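Worksheet: one structure, shown below.
Just so it is clear, none of the values below were taken in a lab; they were calculated from the coordinates. The structure presented is a predicted model; accordingly, all values stated were derived computationally and were not measured. Note: ideal-geometry Cβ built from the backbone for every residue, glycine included; neighbour counts use all protein chains shown.
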Amino acid sequence: MSSLPDLSNTGSSAQLASAADKPSDRSVEPFPDYYDDLAGSLHHAWKLIGRATKDRKSDFHSPMLATVSADGPEARVLILRAFDVETRTLTFHTDTRSAKVPALTLDARVAVTFYDAARKLQLRTGGEATLHVGNALANARWQASSASSLRCYLGRAPGATSAQPTTGLPPDLEGVIPGRAGLTAGEENFAVLQVKLQRLEWLYLHSRGQRRALYRWDAGGLTMEWLNP
Ligand SMILES: Cc1cc2nc3c(=O)[nH]c(=O)nc-3n(C[C@H](O)[C@H](O)[C@H](O)COP(=O)(O)O)c2cc1C
């Protein structure tokens, strides 16, 4: 005998049914014009990634970067700093002393995953990472970054253990943003991490039908195809 209550003669099931039948805002929403358009969906993805480099409120501003470390997979959030659509290159900033750097030296393959909750859009991307330390690109990006975002490079190595709870910053920098001259010592710890995308998988959720598409780039150019969601 079932222990579930029988709701068939109560108002509850009728209420549930009417709630389910009532169209949500999303179910009456028209499909976007790129819905059945492979090239259009990719174009839309590029536009959102490009905008996210400047828009801190965009969910795509802080994607998840996954590496293959000697101990297995590792994923962490990084801020997307720049995107070049021509070369399909994502740009991030990181610390040369962080664990992801030796992992990338062993295996340059990475995955970068974006999710925009309001748009119900997931992008799973992958490619090869390149680290830039102490070269012209690293210096240009160091110069172009705000002092508040560079201060952390003056701290102790990220991920190192500490006997005390800590920010990792030297005591004289607690609560203080140094001037440009005061940041110089941190530049040797600053790395630009670039990812050239070789793969992008688009997953768009919609109550009336999902869409999933795969884009791959190789020596022969771009291949695009629909997948079952
Ligand atoms: C919202 C957010 C933004 C972050 N942005 C960066 C970033 O731009 N660069 C970075 O190296 N770490 C950033 N981090 C910290 C990383 O997630 C991670 O903890 C750090 O890079 C150490 O990772 P690793 O030990 O795997 O190398 C951010 C974390 C959060 C939550």
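Remark: the stretch 97-158 carries a charge dipole of roughly 200 debye about the Cα centre, counting +1 on each Lys and Arg Cβ and -1 on each Asp and Glu Cβ. Volume of the convex hull of the stretch 44-135 (Cα atoms only), normalised per residue: 102 Å³. Along the stretch 71-79 the Karplus relation, 6.51 cos²θ - 1.76 cosθ + 1.60 evaluated at θ = phi - 60°, assigns HN-Hα couplings of 8, x, x, 9, 10, 8, 7, 10, 7 Hz to successive residues, with x for each Gly and Pro.
Modelled label positions at K57 and L205, each set 7 Å beyond Cα in the direction of Cβ, lie 2.2 nm from each other. Rounded to the nearest 20, the size of the Cβ-charge dipole of the chain about its Cα centre is 300 debye, with Lys and Arg at +1 and Asp and Glu at -1. Add +1 for every Lys or Arg and -1 for every Asp or Glu among the other residues with Cβ under 13 Å from the Cβ of D95, and state the total. Cβ neighbours under 13 Å give a net charge of +3. Of the two radii for the chain, the radius of gyration is 1.11 times the Kirkwood radius, both from the alpha carbons; that is the Rg over Rh value. Dipole of the stretch 172-229 computed with +1 at Lys/Arg Cβ and -1 at Asp/Glu Cβ about the Cα centre; of P178, S207, Q194, farthest Cα towards the positive end is S207. Along the positive direction of the dipole of the chain (beta-carbon charges: Lys, Arg +1; Asp, Glu -1; about the Cα centre), which of S146, T223, A99 reaches farthest? About the Cα centre, the residue reaching furthest to the positive side is S146. For the pair D116 and R180 in one chain, pulling the backbone fully straight at 0.36 nm per residue adds 19.5 nm over the alpha carbon distance. Near A138: Cβ cut-off under 14 Å, other residues only, Lys/Arg at +1 and Asp/Glu at -1. The net charge is -1.
What is the local net charge at Y215, summed over the other residues whose Cβ is closer than 15 Å to its Cβ (Lys, Arg +1; Asp, Glu -1)? Summing Lys/Arg as +1 and Asp/Glu as -1 gives +4. Two numbers describe the Cα atoms of the stretch 94-229: Rg and Dmax, which are 19.7, 57 Å. Per-residue 3J(HN,Hα) values for the stretch 105-113, derived from phi via the Karplus relation 6.51 cos²θ - 1.76 cosθ + 1.60 with θ = phi - 60°, read 5, 6, 8, 7, 6, 9, 10, 10, 10 Hz in sequence order (x marks Gly and Pro).
Between the Cα long axis of helix 38-52 and the first principal axis of the chain there is an angle of about 50°, rounded to the nearest 10. Rounded to the nearest 20, the Cβ-based charge dipole of the stretch 96-210 about its Cα centre (Lys and Arg +1, Asp and Glu -1) stands at 480 debye.
The aspartates and glutamates whose alpha-carbon is closer than 15 Å to the alpha-carbon of K100, local same-chain residues fewer than 8 away aside, are D71, E74, E128. From its DSSP helices (H runs of at least four residues, each -39,500 (n - 2.57)), the chain gives a residue-normalised ellipticity at 222 nm of -6000 deg cm²/dmol. Within straight-line reach of K47, meaning a Cα separation under 14 Å, sit the following aspartates and glutamates at least 8 residues removed in sequence or on another chain: D55, D59, D84, E86, D116. Treating the angle as unsigned and between 0 and 90°, give the value, to the nearest 10°, between the Cα long axis of helix 11-21 and the longest Cα principal axis of the chain. Long axis of 11-21 versus the principal axis of the chain: about 60 degrees.
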